[in-house]
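The values are calculated or read from the model by the stated rules, or taken from the named source; none is laboratory data. Since this is a predicted model, take the numbers as computed values, not measurements. Reconstructed Cβ throughout: ideal geometry from the backbone, glycine too, with neighbour counts over all protein chains shown. Accessible surface areas use protein heavy atoms only, side chains included; no ligands, DNA or RNA. Shrake-Rupley method; radii C 1.70, N 1.55, O 1.52, S 1.80 Å.
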4 protein chains.
Amino acid sequence: MKRVGIINVTGYAGAELARLLWRHPEVRLTSVSGRSAAGRPLGEVFPHLAPFDLTVEEELGDVDVVFSALPHGASAPALVPYIERDLPVLDLSADFRLREVDDYEAWYGRKHPAPHLLLDAVYGLPELHRAEIARTRLVAVPGCYPASVLPALAPALKAGIIEPDIIIDSKSGVSGAGRTLGLTYHYAEANESVSAYGLDGHFHLAEITQELSRLCEAPAPRVTFVPHLAPMTRGILSTCYASLAPGRLAAGPKARQEVRELYQEFYRNEPFVRVVEAPPQTKHTWGNNFCLLYPAIDLRAGRLVVVSCIDNLVKGAAGQAVQDMNLMLGFPETAGLQDLAVYP
Amino acid sequence: MKRVGIINVTGYAGAELARLLWRHPEVRLTSVSGRSAAGRPLGEVFPHLAPFDLTVEEELGDVDVVFSALPHGASAPALVPYIERDLPVLDLSADFRLREVDDYEAWYGRKHPAPHLLLDAVYGLPELHRAEIARTRLVAVPGCYPASVLPALAPALKAGIIEPDIIIDSKSGVSGAGRTLGLTYHYAEANESVSAYGLDGHFHLAEITQELSRLCEAPAPRVTFVPHLAPMTRGILSTCYASLAPGRLAAGPKARQEVRELYQEFYRNEPFVRVVEAPPQTKHTWGNNFCLLYPAIDLRAGRLVVVSCIDNLVKGAAGQAVQDMNLMLGFPETAGLQDLAVYP
Amino acid sequence: MKRVGIINVTGYAGAELARLLWRHPEVRLTSVSGRSAAGRPLGEVFPHLAPFDLTVEEELGDVDVVFSALPHGASAPALVPYIERDLPVLDLSADFRLREVDDYEAWYGRKHPAPHLLLDAVYGLPELHRAEIARTRLVAVPGCYPASVLPALAPALKAGIIEPDIIIDSKSGVSGAGRTLGLTYHYAEANESVSAYGLDGHFHLAEITQELSRLCEAPAPRVTFVPHLAPMTRGILSTCYASLAPGRLAAGPKARQEVRELYQEFYRNEPFVRVVEAPPQTKHTWGNNFCLLYPAIDLRAGRLVVVSCIDNLVKGAAGQAVQDMNLMLGFPETAGLQDLAVYP
Amino acid sequence: MKRVGIINVTGYAGAELARLLWRHPEVRLTSVSGRSAAGRPLGEVFPHLAPFDLTVEEELGDVDVVFSALPHGASAPALVPYIERDLPVLDLSADFRLREVDDYEAWYGRKHPAPHLLLDAVYGLPELHRAEIARTRLVAVPGCYPASVLPALAPALKAGIIEPDIIIDSKSGVSGAGRTLGLTYHYAEANESVSAYGLDGHFHLAEITQELSRLCEAPAPRVTFVPHLAPMTRGILSTCYASLAPGRLAAGPKARQEVRELYQEFYRNEPFVRVVEAPPQTKHTWGNNFCLLYPAIDLRAGRLVVVSCIDNLVKGAAGQAVQDMNLMLGFPETAGLQDLAVYP
């Protein structure tokens, strides 16, 4: 049994990682750290994690694998020592997601804390980078929005059936904003309300563009991405829109079948992506690692519309991280991730 | 005091109309009808309406103004007798919204019940058709989605600053689906979940296209419209996307100011449309007749993004209908509609 | 038109007061204050209040009536100057609710800031103290829980049909906790969850016991009160239990009718208390000033069970305060409070 | 691997059973039946169950263990053939819960379909009847409310520290009402609202009284039980109140410690009951089989107050049933039930 540590277990991504590791057959969570809660029993911070019988520490103890659920900026410096000791490291922050240091500095408005490591890091989306993940010691776990968006667009972009002119409208549950308090996430303000944010450019656009660009011929796709807050705890539904490239699909309703087949073929062997027969709801993924895709064609307007659902804390964070760890350490890819969604 | 009647008061739009008319200074609700509930006290069907002390009738009694909250198909035939008696009639169904009988029959899959009246009807969006509404006896109250979308796009389309190539992503509260039971609207299924629907074409696209076409030069805009269900009772947030037409706005951040001014100017005298300074949330309109607009520019992608919020039962149905009635009968336009939103 | 001021408009009770005063026919809200938000437009702090076009001030300007929505401890000192100038003052905090200074100090753990004023203050529950409210210059607006509980128990206690041995189980929406941030009220933690709190004694028990004692013969009733947090924004439902006093009601089902008649008689002329025919839901009071009561008899166990519903921000705070002001200033008691509930 | 069948998989209890059995190490779900959905893939009825790749059948195929999630009245007749074949049978309906046929007929208003089997059935609450469950072939899985209430009261009643005069106020999520449509469970009506029901006597009172009576000396306890609907999908919180019996606990705050120790001792070896240090929230049990108990003392009024939280679909139905099956078949009691709660 490998010993696993989680840095900053006190946020939602950290706690979800702990939950998923509880029944992982190959690893054991032996050490958790967290700044403000150091010294407190984990079960006091998160009662559902009481069965672990762990205490939150100032620093991780001796472990074989390290996850960081620190915020960006703080995560890279905390991970450098582990990376230098050549431990398998999975970073849930944004610090190692962008390959270009300039991109990082432009989007995050700060110097990168460890630019020399950027090219060693692998973007941890197994559906696009499985082989590299299996070979690396440093995985940058994708952001929650990109985790819902990239699987929705990859087959179409790669097959060239859409123009590289894309609109992404995402709706996220409130846990995506984390456990840090804020008026926007105060129950009485967030409940029974939908709002848009990030209209001047959301961090995750950088990842989305980087990864989409790798899927299509130059030039980089023109992407508009608008995230929204929906009054629910978990879940992201992304609706992705792009004009159909002329002449690639049949004219008329037959295009619908063609695009479904394209997606089914693309994900035939993926354990966690399912191309579904009816428009999915986020709740179909509550607590599990699936990404549900529903590709549709707007025949009137000549557009592809793909609907994608994930649980933002699982396939959008902790579950993706466990899937990446399984690949890095040579475990079965689905280990620890086999639970069905909790519905309703 | 004019006497008002509501046909089919037993749905949400009908009940909301009653609520709004409760304190209207110029009219009195004197008669309400409803098929299944005929004979029951209104306060038993809807306890919050008990103070009216009305009984639901099989047929309306003698009234001076008629609202119909019947479903499409049933509404037109029920209204024909009142129209023939030249009473002011406001139809909340879709029956008189489309000017072309072919459009109706294509979208609604049935013969139109009274095609000879289509050209007499006015599409009841005061911001676009105030003068005609004031002159007509038959108003087709817009659908809830169009009520949120058209104000968001009208200024930009009319000014020619966008290409007629539009994507509309709308998120609606569950009351939009009415009071008729269905598994999709069963609490345990709808709660904590977002889903997309209408991916093969939603009825409201027909109205949206019709009205947008009247705002721009030929050809008709190419519109993709995808509605979503969000886990809240009331509210619609529509996010509208279109590429900027070249050369119409300043390059760079100044375009943001220009577009705000365009919208502010367009709605300067509108009592119920507010161009707001920060992205709005649907909850800011809970129970009142405002449409809140936030126009933004995605400078990277060269797109206009407009966020629009309404309460689907007020500006999206019953409030719009009261505003139309005020215009038709020469009352102050805001009569009965002056309450602030209930927040939080 | 009297000019009204609200001290600390930036919490939910203050904002709700503003909302209700918007259309009050006899007064005008002319001044609002708030510590942290001083200098900001009210419409920036609360977008739904933008139509007031007021700025939050450090201190109230010249007004004829003062409401305080400050927290307890801070409210009394802020009000003393107005009380001394003999202005009508309505305090929504707990500072003037308890008649015995010792009670205040025992429950609130601090010296009372103005003990000499305690006996001048009137507990602002019109159903029990209408005449005194009309004569005083200082009203202590009841707490939200007592506002739901006292009307539920008063008729039974006064008529002596129950033993003075009472259990009160209340369920409140999250807005009752105010706008101050806290993990308990963080959306992702509060949503989809019910919890009990105040198990060692909640502040409001002191008011409840004080007022119930005035309704029955000595000795004071033995009361257990447990508040709960329910995942909704507004509303309190209190379920009140007490054993039937022997020999006061008919044996068997006839007791149900007797108790209904007792309640109906007690509230016959009350504008805001309704004894309803079927168990009410909190949502039937959303945004309005009603208290809905449903008295029932558990024939097997020989107990009275009364269910009471209010909107915690209206009858439980701001609406009650407006009703009190109407009485103090000689306006019609229902002025500004006539809106129906917003449902659904 | 034992083969398991679920009769009526199409409700929430049936679907939850399937979910829990998905990863059970000792059994395999091989057959599911359901009236209306017969012939449809299970994954079409419940997308989260698609990985089972089962089809809903008219009748169960060959299995080794049978669960019934049919409604009461229908369940017993459907189970009789299996009982006669001496298969292990677990009934989630109320049909075998009451030992007295008269009780059944009084509460359920119908003849019992198989009265001769009543005394063979064991009430499936392992914390009270573990040994009998292990020996029987017919388990009546407790109702959701009793599953939350009985563990809360058993230690106190058995130890004689409370008077047998009990008030139980329960708050349930809406999934407790099942998947059958109804206006009360329509999203727009149930959302943002709390209501009481069953005020004339709820079915579950019969089970509660039967089981509590077995724990205390005659006479049977006098119990008032009021269930409430809370706006959430899963979870029951029951608050149980009883006067302290004189002289059994220390006077003063020490009683709090004594009662905690009593409860901790009572549940020392229970795998699924936890006596917690702080008032629990229902969400701490989301998706798992725990019952969380928080016993408190109201020192002023001399009452015991016990707060109990469960997931109504797990410990309140399907999880309890799996725990019972484990006992019946000699599997480890926690098999298939080891997942942590999904939080937040």
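A few remarks follow.
- Flag if A:Phe266 is touching a residue at least 60 places away in the same chain (Cβ under 8 Å), within 11 Å of chain B (Cβ to nearest Cβ) and among the aromatic types (Phe, Trp, Tyr): no
- Residue that is nearest to the other protein chains (Cβ to nearest Cβ), among those in the stretch B:153-167 that are under 11 Å from B:Arg248 (Cα atoms) and among the small types (Gly, Ala, Ser): B:Ala156
- Candidates D:Val139, D:Val174, filtered to the one that is among the β-branched types (Val, Ile, Thr), buried (at least 22 other Cβ atoms within 10 Å of the Cβ) and away from chain C (no Cβ under 11 Å): D:Val139
- Residue match in the stretch B:209-230 (condition: assigned to a loop (DSSP other than H, G, I, E, B), within 13 Å of chain A (Cβ to nearest Cβ) and either over 24 Å from B:Glu127 (Cα atoms) or under 19 Å from the mean Cα position of the chain (by Cα) (or both)): yes
- Top-ranked residue of the stretch A:277-297 - restricted to ones that are within 8 Å of chain B (Cβ to nearest Cβ) and closer than 15 Å to A:Gln257 by Cβ, ranked as nearest to the chain's Cα centre (by Cα): A:Tyr294
- Residue satisfying condition, being more than 30 Å from C:Pro113 (Cα to Cα), within 14 Å of chain B (Cβ to nearest Cβ) and touching a residue at least 40 places away in the same chain (Cβ under 8 Å), within set C:Arg19, C:Arg23: C:Arg23
- Single residue of the stretch B:254-276 satisfying the filter (more than 11 Å from B:Ala296 (Cα to Cα) and over 22 Å from the mean Cα position of the chain (by Cα)) that is surrounded by the most Cβ atoms within 10 Å (Cβ to Cβ): B:Leu262
- Selected residue (criterion: nearest to the other protein chains (Cβ to nearest Cβ)) from residues of the stretch B:26-46 that are closer than 16 Å to B:Pro71 by Cβ and crowded, with 19+ Cβ neighbours inside 10 Å: B:Ala37
- Among (1) open to solvent by less than 60 Å² (accessible area, probe 1.4 Å); (2) in contact with a helix residue (DSSP H, G or I) (Cβ under 8 Å, 6 or more places away or on another chain), the one test that B:Val63 misses: (2)
- Filtered residues of the stretch A:177-189 (kept if within 11 Å of chain B (Cβ to nearest Cβ) and under 23 Å from the mean Cα position of the chain (by Cα)): A:Thr184
- Put simply, of A:Gln281, A:Gln257, A:Gln323 the only residue that is touching a Phe, Trp or Tyr at 6+ places or on another chain (Cβ under 8 Å) and of a type in the set (S, T, N, Q) is A:Gln323.
- Condition check for A:Arg3: open to solvent by less than 60 Å² (accessible area, probe 1.4 Å), over 25 Å from D:Lys283 (Cβ atoms) and in contact with an Asp or Glu (Cβ under 6 Å, 6 or more places away or on another chain): no
- C:Pro253 satisfies every condition listed in (1) modelled with pLDDT of 95 or more; (2) of a type outside the set (A, V, I, L, M, F, W, C); (3) farther than 27 Å from C:His129 by Cα except (1).
- Applying the condition of being touching a strand residue (DSSP E or B) at 6+ places or on another chain (Cβ under 9 Å) and of a type in the set (S, T, N, Q) to the stretch A:132-176 and asking which residue is farthest from B:Asp298 (Cα to Cα) yields A:Thr136.
- Evaluation of A:Lys254 against (1) closer than 29 Å to A:Asp64 by Cα; (2) free of Cβ contacts under 8 Å to residues at least 24 places away in the same chain (one fails), failing number: (1)
- First in the stretch C:276-303 and outside any loop (DSSP other than H, G, I, E, B), second anywhere and small (Gly, Ala, Ser) and surrounded by fewer than 22 Cβ atoms within 10 Å (Cβ to Cβ), Cβ under 8 Å, 6 or more apart: C:Tyr294/C:Ala278; C:Ile297/C:Ala255; C:Asp298/D:Gly201; C:Arg303/C:Ser243
- Residues located in the stretch C:70-94, provided they are touching a strand residue (DSSP E or B) at 6+ places or on another chain (Cβ under 7 Å), under 20 Å from C:Ala134 (Cα atoms) and not polar (S, T, N, Q): C:Leu79, C:Tyr82, C:Ile83, C:Leu87, C:Pro88, C:Val89, C:Leu90, C:Asp91, C:Leu92
- Only one of the listed residues (B:Thr239, B:Thr180) is among the β-branched types (Val, Ile, Thr) and out of contact with any strand residue (DSSP E or B) (no Cβ under 8 Å at 6 or more places or on another chain). That residue is B:Thr180.
- Odd one out for B:Gly201, checked against (1) facing chain A (nearest Cβ under 9 Å); (2) closer than 19 Å to A:Ser243 by Cβ; (3) open to solvent by less than 30 Å² (accessible area, probe 1.4 Å): (3)
- Out of D:Pro155, D:Pro146, D:Pro115, sole residue that is crowded, with 19+ Cβ neighbours inside 10 Å and either under 24 Å from D:Leu70 (Cα atoms) or of a type in the set (Val, Ile, Thr) (or both): D:Pro146
- Search result, residues across the stretch A:231-253 that are more than 10 Å from chain B (Cβ to nearest Cβ), assigned to a loop (DSSP other than H, G, I, E, B) and not charged (D, E, K, R): A:Ala245, A:Pro246, A:Gly247, A:Leu249, A:Ala250, A:Ala251, A:Gly252
- Within the stretch C:304-336, the set of residues being within 20 Å of C:Pro280 (Cα to Cα) and assigned to a loop (DSSP other than H, G, I, E, B) comprises C:Asp311, C:Asn312, C:Leu313.
- Some residue of the stretch D:248-260 being within 29 Å of D:Ala321 (Cβ to Cβ) and of a type in the set (S, T, N, Q): no
- All positions within the stretch D:76-92 that are of a type outside the set (A, V, I, L, M, F, W, C) and in contact (Cβ under 8 Å) with a residue 40 or more places away in the chain: D:Asp86, D:Pro88, D:Asp91
- Applying the set (1) out of contact with any Gly (no Cβ under 7 Å at 6 or more places or on another chain); (2) in contact (Cβ under 8 Å) with a residue 24 or more places away in the chain; (3) of a type outside the set (Ser, Thr, Tyr) to D:Asp200 leaves exactly one unmet item: (2).
- Out of A:Leu49, A:Leu17, sole residue that is closer than 20 Å to D:Leu292 by Cα, open to solvent by less than 10 Å² (accessible area, probe 1.4 Å) and not hydroxyl-bearing (Ser, Thr, Tyr): A:Leu49
- Subset of the stretch B:300-344 [among the β-branched types (Val, Ile, Thr) and either away from chain C (no Cβ under 12 Å) or surrounded by 22 or more Cβ atoms within 10 Å (Cβ to Cβ) (or both)]: B:Val305, B:Val306, B:Val307, B:Ile310, B:Val314, B:Val322, B:Val342
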